[in-house]
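Please read the structure below before turning to the comments.
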């Protein structure tokens, strides 16, 4: 007859810590965990990135994705249209960061 070995202190501690060790992996596993950017957050981001005056902001739906089109008057007098996806991070450039294309500006 064989007797099962009792768990060692090390294995009991390892099993007790396992959920805490796996929690960071589970937190990063879901890309949808963060809330989508709101129109107000997108406007604030464009205003902060450009230092300009917001002229208009329109939400547009493309299937399941929401995109914000924001017109801004830059400090140098150009009107630029910036498109930001609602799934874009709160920091960093959007789809068309201001100053990144001569084709979408008007001189006023």
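Derivation of every value follows stated rules applied to the coordinates shown; laboratory data play no part. All of these numbers come straight from a predicted model, not from anything done at the bench. Here the Cβ positions follow ideal geometry from the backbone for every residue, glycine too, while neighbour counts run over all protein chains shown.
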- request: Give me the number: length gained by fully extending residue 48 to residue 16, i.e. 0.36 nm times residue separation minus the C-alpha to C-alpha distance, one decimal in nm.
  value: 6.9 nm
field: Residues 81, 38 arranged by fewest to most Cβ contacts within 10 Å
entry: 38, 81
- prompt: Which distance in nm do the two modelled labels at residue 58 and residue 39 give, with both placed 7 Å along the Cα-to-Cβ direction?
  reply: 1.2 nm
